[in-house]
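Asker: Before I ask anything, here is the structure I am working with.
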Protein chains: 2
Amino acid sequence: MTGIDLGNETENSIFEAALDVFSRKGKHGARMQEIADTAGINKAMLHYYFRSKDLLYESVLGHVAHHFFSALEDAMSRPGPFTDVLGQMVGVYLDMHAANPAVARLWIQENLNGAPVAERILKQRKQSGAPGPHRLMRRIEQAVDAGEIKPTEPIQLMITVLGMTVMSFISQPTMKTLDPAAMADQAAFLKRRKKHIVEVLTHGLAS
Amino acid sequence: MTGIDLGNETENSIFEAALDVFSRKGKHGARMQEIADTAGINKAMLHYYFRSKDLLYESVLGHVAHHFFSALEDAMSRPGPFTDVLGQMVGVYLDMHAANPAVARLWIQENLNGAPVAERILKQRKQSGAPGPHRLMRRIEQAVDAGEIKPTEPIQLMITVLGMTVMSFISQPTMKTLDPAAMADQAAFLKRRKKHIVEVLTHGLAS
DNA sequence: ATACGTTTTAACCATATGGTTAATTCATCG
DNA sequence: CGATGAATTAACCATATGGTTAAAACGTAT
């Protein structure tokens with residue numbers, strides 16, 4: 001489901017369950033018993049494999065970050081004009097989160113909580129040169145310098161892309177009560193969503 | 001701080017504390033004791049005024065929704081071309097969340113949790129004709145019909161605006177580790193943020 | 001078969017948590 | 001003042017929660 005393999009059947013089921021529960025309830029709201037039940041295993045196994053709630057959370061966040069940034073790096077590095085690259089990235093974001101919305105939820109949860117764990121992970125990845133958002137910032141700078149897009153603060157564009165994509169998933173419960181018809185077919189909705197995002201990013205909505 | 005007054009000093013302090021704690025930890029992760037400590041009152045007062053955790057949460061969400069939608073309605077209803085109205089709305093979003101980021105966090109928390117409480121509130125507001133997002137959807141439709149903006153699904157634009165504005169606040173912990181300089185001065189950042197959002201919404205970033 | 005290390009389980013423990021209650025303080029009015 | 005009702009507090013309760021442990025089940029190499 002996530003494409004992340006810890007090498008052990010039980011460990012994997014714990015991982016997936018933990019990702020799901022943490023992403024919905026947050027680090028503090030998640031219950032070890034619920035994670036165990038979701039994974040279909042004895043609660044003691046959580047501690048056997050991950051020692052404590054804190055470490056389980058940290059492990060989940062770390063693996064998810066690695067997986068996510070690797071995919072992003074891949075989309076980012078493809079050749080072609082930057083507007084195409086933007087389209088690729090939007091596509092990757094939407095596809096990844098569609099395949100597993102828990103990832104986006106977890107990242108949001110971290111930020112609601114002040115992102116202390118994510119901060120450590122990001123700094124470490126930056127220092128070790130691993131794929132991460134800092135590379136994307138550089139890429140945006142280059143695109144601006146090359147005149148491929150209007151002068152834009154990299155961080156503004158990052159927040160914008162992140163907002164337009166991630167919010168598609170996060171806001172779904174609210175949006176479903178607002179316009180059930182538009183949200184009924186998830187695949188179709190995401191297809192229109194991607195088109196909309198790319199249109200806005202490149203040409204805006206003014207007629 | 002929120003502009004919401006329940007008519008009683010103690011009740012107000014509980015309300016503010018609850019909003020803050022719920023928005024950070026979520027409904028499940030929030031602890032009654034922490035809310036009481038934040039408010040600087042005895043824990044029993046929470047139950048004296050709001051009976052239970054569930055009802056306290058519901059009360060907070062309800063009042064916040066009313067306050068928020070009223071302000072939105074106000075910005076939405078001003079005359080002038082729709083692109084201007086969009087700018088107004090973006091400004092209102094950014095200003096409101098800047099004044100009290102807990103509101104945005106709380107709404108996100110609700111959605112991460114499937115938004116069962118928000119759903120009830122929204123349906124009720126729609127039925128009673130109170131200000132709410134359904135009015136904004138109509139306004140977008142009108143703008144499209146009048147040719148003021150390109151043909152756009154109302155819900156797409158709503159998610160886009162919401163994403164670009166709300167994400168400015170939600171992602172701050174992550175962004176601060178990514179580009180501390182850009183985020184250091186909150187007011188200046190938000191000023192640039194608004195300009196960026198309006199530019200993207202109207203003309204896009206292609207040079 | 002059996003000995004040995006690993007995985008899994010059920011029972012258990014100390015503490016945290018939502019909620020209650022009886023007693024106390026406080027304000028107000030006669 | 002003294003009485004009456006609302007606001008506030010400290011102590012308490014039943015249960016939930018993160019975490020531990022000793023024993024059982026399992027796999028496997030000899």
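Asker: Which distances, shortest first and in nm, link residue A:98 to the matching position in the other copies, using label points set 7 Å out along Cα to C-beta?
Answerer: Ordered by increasing distance: 3.6 nm.
Asker: If the elastic network links every pair of Cα atoms under 10 Å, which of B:66, B:134, B:47 fluctuates the most in the Gaussian network model of chain B?
Answerer: Judging by the Gaussian network model, the answer is B:47.
Asker: Which whole-angstrom value gives the distance between the alpha carbon centres of the range A:52-67 and the range B:95-167?
Answerer: 32
Asker: Take residue A:37 and residue B:84, extend 7 Å from each Cα along the Cα→Cβ direction, and tell me the distance between the two endpoints in nm.
Answerer: Calculated label separation equals 5.6 nm.
Asker: Can you give me the distance in nm between label points at residue B:127 and residue A:145, each placed 7 Å from the Cα along the Cα-to-Cβ direction?
Answerer: Simple spin-label model gives 6.0 nm for this pair.
Asker: Mind putting together the pair-distance distribution for the range A:75-120? All Cα pairs, 5 Å bins, whole percent per bin, short to long.
Answerer: 6, 20, 17, 15, 18, 16, 7, 1
Asker: Using unit Cβ charges (K, R positive; D, E negative) and no other charged atoms, how large, in debye to the nearest 20, is the dipole of chain A about its Cα centre?
Answerer: Computed charge dipole of chain A: roughly 320 debye.
Asker: Could you give the angle, 0 to 90 degrees to the nearest 10, between helix B:186-203's Cα long axis and the longest principal axis of the Cα atoms of chain B?
Answerer: Tilt of helix B:186-203: around 40 degrees.
Asker: If each label sits 7 angstrom from Cα along the C-beta direction, how far apart, in nm, is residue B:79 from its counterparts in the other copies?
Answerer: Computed spacing set for this position: 5.7 nm.
Asker: Out of A:122, A:112, A:86, any idea which swings most in a Gaussian network model of chain A, alpha carbons joined below 10 Å?
Answerer: A:112
Asker: If you roll a 1.4 Å probe over the heavy atoms of the protein chains, what accessible area per residue do you get for chain A, in Å²?
Answerer: 43
Asker: Something else about it: Can you give the average number of partner chain beta-carbon atoms within 10 Å of each beta-carbon in peptide A:54-64, as a whole number?
Answerer: Rounded to a whole number, the mean comes out at 0.
Asker: Okay, helix-only estimate at 222 nm for chain A: each DSSP H run of n ≥ 4 adds -39500 (n - 2.57), divide by all residues, round to 500 deg cm²/dmol; what do you get?
Answerer: After summing the helix terms and dividing by residue count, I get -25500 deg cm²/dmol.
Asker: Follow-up question, since we're still on this one. How high is the relative contact order of the range A:58-202, given as a whole-number percent (alpha carbon pairs under 8 Å, six or more residues apart)?
Answerer: This gives 29 percent for the range A:58-202.
Asker: Further question: If one takes the accessible area of chain B alone plus chain A alone and subtracts that of the pair, with a 1.4 Å probe, what total in Å², rounded to the nearest 100, results?
Answerer: That pair of chains buries around 5600 Å² in total.
Asker: Once you've got the Cα coordinates, tell me which of A:123/B:25; A:53/A:195; A:43/A:123; A:194/B:195; A:195/B:27; B:43/B:194 are over 29 Å apart.
Answerer: A:53/A:195; A:43/A:123; A:195/B:27; B:43/B:194
Asker: Can you spot the lysines whose alpha carbon is less than 24 Å from residue A:191's alpha carbon? Ignore those fewer than 8 places along the same chain.
Answerer: The reachable lysines, counting only those whose Cα sits under 24 Å from residue A:191, are A:176, B:150.
The values are calculated or read from the model by the stated rules, or taken from the named source; none is laboratory data. None of these values were measured; they are calculated from a predicted model. Virtual Cβ from ideal backbone geometry, glycine too; neighbours counted across all protein chains shown. The area values use the complete protein model at the heavy-atom level, side chains included, leaving out ligands, DNA and RNA. Shrake-Rupley method; radii C 1.70, N 1.55, O 1.52, S 1.80 Å.
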